[in-house]
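S.K.: Quick one: the structure is below, questions incoming.
The values are calculated or read from the model by the stated rules, or taken from the named source; none is laboratory data. It should be emphasised that the depicted structure is a prediction, and the values quoted were computed from it without experimental measurement. Cβ placement follows ideal geometry from the backbone for every residue including glycine, while neighbour counts extend to all protein chains displayed. The area values use the complete protein model at the heavy-atom level, side chains included, leaving out ligands, DNA and RNA. Shrake-Rupley method; radii C 1.70, N 1.55, O 1.52, S 1.80 Å.
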Amino acid sequence: MTRHHHRIRRSAIAGAATLSVVAGVAGAAPVAGAAESGPRLSLLAASKTVTLDRWEGEPGVYLDLGTYITAEGGPLEFRVTRASYEEPVIARQIVGDGDASRSTTLPEGLVKDFSGLPDFLRVSFEDASGKEVLNTTETFCPNNASGRIRPDAPSTSPYPESCPTNPFTLGSVWGVENGWATNTNQGWDSEPVDLPAGQYTAKVAVAENYRKLFGMADEERTVKVTVRERTWDEEGGGVGLAPAGPDSAKSSTAHSAHSGHGAHAAAPPGHSLGASGHGGHQSRGADAPTPPAAPHALVAGPRAAEAGDGPGRTDGSRIAPALKAAAERPTGRASVPDVPMPDLRALPAYDIAVTDGEDGDDPDKDYLAFSANVWNAGPAPLVVDGFRSPGEDLMDAYQYFHDAQGKQVGYAPAGTMEWDARVGHEHWHFTDFASYRLLGADQKEVVRSGKEAFCLANTDAIDYTVENANWHPNNTDLSTACGVENSISVREVLDVGSGDTYTQYRPGQSFEITDLPNGTYYIEVLANPENRLHETDLTNNVALREVILGGESGARTVKVPPHHLVDAS
């Protein structure tokens, strides 16, 4: 299976300011004047000094200054939702527990999407002479890499491991567990800043409107910063990885990956995608996997080559494992019991652009590339097992049904899984999960995408507020999700609340539009096209996205009107 290799950025924090260091310095006293109605929040700096690496060819440095937001006296929790794409995003803070909990709506317009609290931090830099050379703000995702600040805090955090940035996300849950600290920097989802090599003093503070909102003290943290130039020729550069060549970033320059969990897309130039730090679920280029890369918490420190939770390290670096299929194919009579079912829903297409093709397409033709997502609104996961007869290139696929206690109570045939030996695939595809068509202005088919089989994975968190949403899904990484050539069985799962995003870059997967007349078209995303899968509702399986083609052969253009309030072309 081919893999897109990208260099891993290492911001070496002096004093190894990983979360274990936070635990060592953060027996923090309650913040004076904190709001009595919610958790007491503090801004901490894990280290007095940090070293940031500016790698050769990079646009700047990423401001991982080792600052954290802590919660004491209860968790900091938000439910962020929108009723539809015609409605704005609403964020509510949840205070209390169970029946005693209450919600407070944040000021209208403060939160505009699901990526976090915008302009939460104010960061300024002074050079050695005391001159201010940078003044910027940063978004805070409460689901960033995190860890405990005291030994008697809960051993695990229930909250998701990223803030989704898929443009068609519907609902998210954010949180900092009681007695935990969350890194304020978004890692590869933040913008680099142009700081030359040198010595600086960074001043970090929570913006005044948020301090008032959450009852935080007016405090500023100061960190001495060294920016050093690094090259890929030096010994040990890039954690032993070669720098990404221009071809490795080719497919991602036009389309940036959207977060939501599990690294599944070629990263934008200069970025590395993590397994499940901030930017966990990721849309992917076709179904080519990326190798499991260290998430932000580990990229930021000297243990960048390591990943995975372990004793004393609950830092959000979990790489979700694959699931194992049943030991043998089902026996007895197939049945569809009256139990909770999945609900597959299509999202409108996005990341839409005209390209000259990828990986074997005809460079003299024009293609319409896009990202598409089918997600599961629940209340039950979609569980499909494939079983292979010895020597066969197909697996027989079965959908499994479970009762409320998780006991398997039935199954039904669900078609087949096929081995795809093409470079960039090389795993088992479940057939007829979704289909894509380009429709004319009359909404009749003009072009059909060649993509008809899929390796299912939980790449994006679409709505973690639906019933039974799994905030920590498995099958998030394609390097483990869909088996290898010699697999005898495979389990593919689309969990409740998560979706599976494909970007259309592989041969036959985008629409060839070279000779299509200019005008209005619609990209149709259709879930469960043959109705082979059993689900709760078959009426919400279609999504359309309007596009307007222009230009001429060899120089085609596309305009993408907003989809209600969502402007994600």
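S.K.: Name the residues in the range 75-84 that are open to solvent by 10 Å² or more (accessible area, probe 1.4 Å) and in contact (Cβ under 8 Å) with a residue 40 or more places away in the chain, would you? Walk me through it before giving the result.
M.R.: Initial filter on the range 75-84 (open to solvent by 10 Å² or more (accessible area, probe 1.4 Å)): 75, 77, 79, 81-84.
If the condition is that a residue be open to solvent by 10 Å² or more (accessible area, probe 1.4 Å) and in contact (Cβ under 8 Å) with a residue 40 or more places away in the chain, then Pro75, Glu77, Arg79, Thr81, Arg82, Ser84 are the ones that fit.
S.K.: Something else about it: Being touching a Gly at 6+ places or on another chain (Cβ under 7 Å), open to solvent by 50 Å² or more (accessible area, probe 1.4 Å) and polar (S, T, N, Q), is that true of even one residue in the range 488-500?
M.R.: No, the range 488-500 contains no residue that is touching a Gly at 6+ places or on another chain (Cβ under 7 Å), open to solvent by 50 Å² or more (accessible area, probe 1.4 Å) and polar (S, T, N, Q).
S.K.: Can I ask one more? Just to be sure, is Asn541 on the phi > 0 side of the Ramachandran plot and surrounded by 16 or more Cβ atoms within 10 Å (Cβ to Cβ)? Quick ask: steps written out before the conclusion?
M.R.: Numbers: on the phi > 0 side of the Ramachandran plot: no; surrounded by 16 or more Cβ atoms within 10 Å (Cβ to Cβ): yes.
No: the conditions fail for Asn541.
S.K.: Need the failing condition index for Tyr521 against (1) closer than 20 Å to Thr459 by Cα; (2) assigned to a strand (DSSP E or B); (3) not aliphatic (A, V, I, L, M), just the number.
M.R.: Looking at each condition in turn, Tyr521 falls short on (1).
S.K.: Condition (residue is modelled with pLDDT under 95, under 24 Å from Arg82 (Cα atoms) and charged (D, E, K, R)) applied to the range 538-556: is it met by at least one residue?
M.R.: No, the range 538-556 contains no residue that is modelled with pLDDT under 95, under 24 Å from Arg82 (Cα atoms) and charged (D, E, K, R).
S.K.: May I pose another question? Please report, ordered by residue number, the strands (runs of 3 or more DSSP E) entirely within the range 334-427 with at least 2 residues that are open to solvent by less than 10 Å² (accessible area, probe 1.4 Å) and farther than 30 Å from Ser553 by Cα. Don't jump to the end; show me each part of the working.
M.R.: Values: elements: 344-346, 350-355, 367-376, 382-388, 394-402, 408-420.
Output list reads 367-376, 382-388, 394-402, 408-420.
S.K.: Looking for something modelled with pLDDT of 90 or more, more than 21 Å from the chain's Cα centre (by Cα) and open to solvent by 10 Å² or more (accessible area, probe 1.4 Å) - is there at least one such residue anywhere in the range 444-455?
M.R.: Taking the range 444-455 and keeping what is modelled with pLDDT of 90 or more, we get 444.
Filter once more, keeping what is more than 21 Å from the chain's Cα centre (by Cα): 444.
Then drop every residue that is not open to solvent by 10 Å² or more (accessible area, probe 1.4 Å), which leaves 444.
Checking the range 444-455: at least one residue is modelled with pLDDT of 90 or more, more than 21 Å from the chain's Cα centre (by Cα) and open to solvent by 10 Å² or more (accessible area, probe 1.4 Å).
S.K.: I'd like to check something: does the range 532-540 contain any residue that is of a type in the set (A, V, I, L, M) and part of a strand (DSSP E or B)? Explain how you work it out, then say what you get.
M.R.: First, pick out the residues of the range 532-540 that are of a type in the set (A, V, I, L, M): 533, 538.
Checking the rest, the ones that are also part of a strand (DSSP E or B) come to none.
The answer is no; no qualifying residue exists.
S.K.: Please enumerate the residues belonging to the range 544-555 that are open to solvent by 20 Å² or more (accessible area, probe 1.4 Å) and in contact with an Asp or Glu (Cβ under 9 Å, 6 or more places away or on another chain).
M.R.: Going residue by residue through the range 544-555, those that are open to solvent by 20 Å² or more (accessible area, probe 1.4 Å) are 544, 546, 548, 551-555.
Passing the criteria: Leu544, Gly551, Ser553, Gly554, Ala555.
S.K.: In the range 100-126, what count of residues is obtained for those that are of a type outside the set (Lys, Arg) and open to solvent by 40 Å² or more (accessible area, probe 1.4 Å)? Step through it out loud before you land on a result.
M.R.: Looking only at the range 100-126, we keep the residues that are of a type outside the set (Lys, Arg), and these are 100-101, 103-111, 113-121, 123-126.
Of the ones still in play, those that are also open to solvent by 40 Å² or more (accessible area, probe 1.4 Å) are 100-101, 103-105, 107-109, 113, 119, 126.
Going through the range 100-126 one residue at a time, the tally reaches 11.
S.K.: What about Asn183, is it within 26 Å of Lys224 (Cβ to Cβ) and touching a helix residue (DSSP H, G or I) at 6+ places or on another chain (Cβ under 9 Å)?
M.R.: Working: within 26 Å of Lys224 (Cβ to Cβ): yes; touching a helix residue (DSSP H, G or I) at 6+ places or on another chain (Cβ under 9 Å): yes.
Criteria met by Asn183.
S.K.: In the range 189-213, what residues are farther than 23 Å from Glu77 by Cα, not β-branched (Val, Ile, Thr) and not in a loop (DSSP other than H, G, I, E, B)?
M.R.: Of everything in the range 189-213, those that are farther than 23 Å from Glu77 by Cα, not β-branched (Val, Ile, Thr) and not in a loop (DSSP other than H, G, I, E, B) turn out to be Gly198, Gln199, Tyr200, Ala202, Lys203.
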